[in-house]
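Written below as structure tokens is the structure these notes are about.
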Amino acid sequence: MPDTPQLLMFIAAGWLLNLTPGPDVLYIVSSALKGGVRAGMVAALGIVSGCFVHVLAAALGVGALLATSAAAFTALKWLGAAYLLWMGVKLLWARRGGTVIVPAQVSADIAPVHLGRIYRRGFLTNVLNPKVALFFLAFVPQFIAPGTDNKVTVFLLLGLLFNLNSVPINFAYAWLAGWATRRVGAVQRTMHWMDRAAGAMFIGFGLKLALSDNLAR
């Protein structure tokens with residue numbers, strides 16, 4: 001496992017990245033607005049379940065990659081770096097207030113919802129998004145020391161930590177959906193600065209990955 005400073009940095013980065021609005025957050029918020037906080041929490045659990053699938057697949061992929069040529073690793077490294085840089089630039093140039101769209105008012109009568117359907121949709125929305133798999137492949141290996149004996153196990157543990165840390169944040173978004181209907185302006189200003197902070201972080205990680213040596217050594 002990473003040393004304590006690296007682990008704390010991983011946790012902090014994970015929290016900030018989970019706070020950054022995206023398709024998963026929009027699904028949680030929309031589910032909460034339509035079916036209440038409980039529905040939003042179920043949507044969050046579906047999304048987190050999908051992330052576990054990506055972590056397992058990425059860990060196995062990393063293990064297979066480290067057993068092959070350095071050229072294959074280099075190709076993946078540059079692909080991951082390009083993805084992180086692209087995401088960073090996209091977030092830095094995001095238009096203010098364009099990230100989260102919520103209605104000004106929501107009816108007090110919440111329509112009945114099927115929680116099982118909400119969970120399945122959240123799970124499939126995440127599992128079928130290849131960008132999530134690419135994110136884990138690009139982000140997690142940066143916190144695995146080159147001399148680590150069992151990189152696959154460490155990757156799985158870090159992925160588990162990342163996903164568990166996302167649960168309270170996703171639950172908070174479900175609760176925030178009800179509050180946001182009365183304070184849309186304040187929420188959008190907060191999201192604007194979250195986009196900027198996360199964008200700078202993505203660019204930093206992308207540059208770090210591009211300049212890093214082969215982790216298989």
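The values are calculated or read from the model by the stated rules, or taken from the named source; none is laboratory data. Computed from a prediction, not measured in an experiment: that's the story for all the values here. Neighbour counts run over all protein chains shown; Cβ positions are idealised from the backbone, glycine included.
Considering Val25, Val62, Val55, which residue is closer than 24 Å to Phe123 by Cβ, crowded, with 19+ Cβ neighbours inside 10 Å and modelled with pLDDT under 80? After ruling out the rest, the residue left standing is Val62.
Listed here are the residues, each with its yes/no results for (1) in contact (Cβ under 8 Å) with a residue 40 or more places away in the chain; (2) more than 20 Å from Ile28 (Cβ to Cβ); (3) in a helix (DSSP H, G or I).
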{"residue": "Ile118", "(1), (2), (3)": "yes, no, yes"}
{"residue": "Arg121", "(1), (2), (3)": "yes, no, yes"}
{"residue": "Val132", "(1), (2), (3)": "yes, no, yes"}
{"residue": "Leu137", "(1), (2), (3)": "yes, yes, yes"}
{"residue": "Val140", "(1), (2), (3)": "yes, yes, yes"}
{"residue": "Ala145", "(1), (2), (3)": "yes, yes, no"}
{"residue": "Thr148", "(1), (2), (3)": "no, yes, no"}
{"residue": "Val154", "(1), (2), (3)": "yes, yes, yes"}
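Val113 passes every criterion in (1) more than 23 Å from Ala13 (Cβ to Cβ); (2) modelled with pLDDT of 75 or more; (3) β-branched (Val, Ile, Thr) apart from (2).
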